[in-house]
Amino acid sequence: MSRPTIAQLRAFLALAEHLHFRDAAAALRMSQPALSGAVAALEETLDTRLVERTTRRVLLTPAGERAARRAESIMAELDRLEEEVNAVRGPLVGPLRVGVIPTVAPYLLPIVLPRLAADYPDLELSVHEEQTEQIVAELLAGRLDVVLLALPVPATGVTELTLYDEDFVLVASGAAALPAGPLPRSALADLDVILLNEGHCLRDQALDVCREAGARAAASTYATSLATLVQLVSGGFGVTLVPETALAVETRAAPGLVPHRFAAPAPYRRVGLAFRSTSPRADEFGVLAGAVRAAVAAQIPEVRVPG
């Protein structure tokens, strides 16, 4: 008697989550025909229809809803089995699925990855870059093992480890003629601050800084990345706030920019590592956090790493 395969269950769960073949296939990074074939094979194995296919979307049948709940439990147990085995094998050995937000990944990964490769050669790292909401959802669903993001994490059942604190730096064009020396936060009140699009946690943090200073964000100009923000400022579109780790990278490619640091206490963000509180790999993630802290402290002395 044939039994459902892990690949079939994974494909069906993705379809149950997205209720759309194209979106489910994209989430699993597989072709739509392959996903459709896996779901059809699962239906044949179980000898029942799990999904109702319409012209616009997919609906779960009553049997499909029950199968989805059971499949989710099975996949969670398989993930836990893998985690427990890896925990016994030693720290940072075997597969590790890491999620990173876009305002951390380009600046932190080039510093951290070489150190991890040198110190932990048996680590099989895979990296997924996405905004906070998505990587937290992937973490809670068991599709990621650990995430690197700005704290606090907007979810329960998650353990946080602080990696570093970094100040926000005001970036303006030389034509802005801002005074030399540390700026008071109130200086923002007279400036047009341009921000990232909605969905980026850095946007929310920058908005909080603006509100505290009585400043307003420019309503008509937004960007999808820090690189675009900085280029817009270089072109004369207002000012922006850049975290310390991104400052050198982003301003290097944009002419005529002047960084202005704030007077103490400067606005800052806390970047950390988070994992499911039920994970048996907590000690291993502590080792990972230590490696990240050491790499950052060695190469970006402007940030504050916990002692």
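The values are calculated or read from the model by the stated rules, or taken from the named source; none is laboratory data. The structure displayed is predicted, hence computed values, not measured ones. Note that each Cβ is placed from the backbone with ideal geometry, even for glycine, and that neighbours are counted across all protein chains shown. We work out accessible area using only protein heavy atoms, side chains counted, and drop any ligands, DNA or RNA first. Shrake-Rupley method; radii C 1.70, N 1.55, O 1.52, S 1.80 Å.
Things to note:
- When L191 is tested against (1) open to solvent by less than 20 Å² (accessible area, probe 1.4 Å); (2) touching a Gly at 6+ places or on another chain (Cβ under 8 Å), exactly one condition is not met: (1).
- Evaluated against (1) touching a helix residue (DSSP H, G or I) at 6+ places or on another chain (Cβ under 9 Å); (2) not in a helix (DSSP H, G or I), Q231 falls short on exactly one condition, (2).
- Boolean, R66 is open to solvent by 80 Å² or more (accessible area, probe 1.4 Å), without any contact (Cβ under 8 Å) to a residue 40 or more places away in the chain and under 24 Å from the mean Cα position of the chain (by Cα): no
- Close pairs from segment 95-122: first among the small types (G, A, S), partner open to solvent by less than 30 Å² (accessible area, probe 1.4 Å), Cβ under 7 Å, at least 6 apart: G99/I135; G99/L139; G99/L144; G99/V147
- Some residue of segment 25-32 being assigned to a helix (DSSP H, G or I), open to solvent by less than 60 Å² (accessible area, probe 1.4 Å) and out of contact with any helix residue (DSSP H, G or I) (no Cβ under 8 Å at 6 or more places or on another chain): no
- Counted residues, segment 18-58 - those being under 15 Å from R70 (Cβ atoms) and either charged (D, E, K, R) or under 24 Å from the mean Cα position of the chain (by Cα) (or both): 1
- Residue match in segment 176-193 (condition: assigned by the TED database to the domain that holds L257 and under 27 Å from the mean Cα position of the chain (by Cα)): yes
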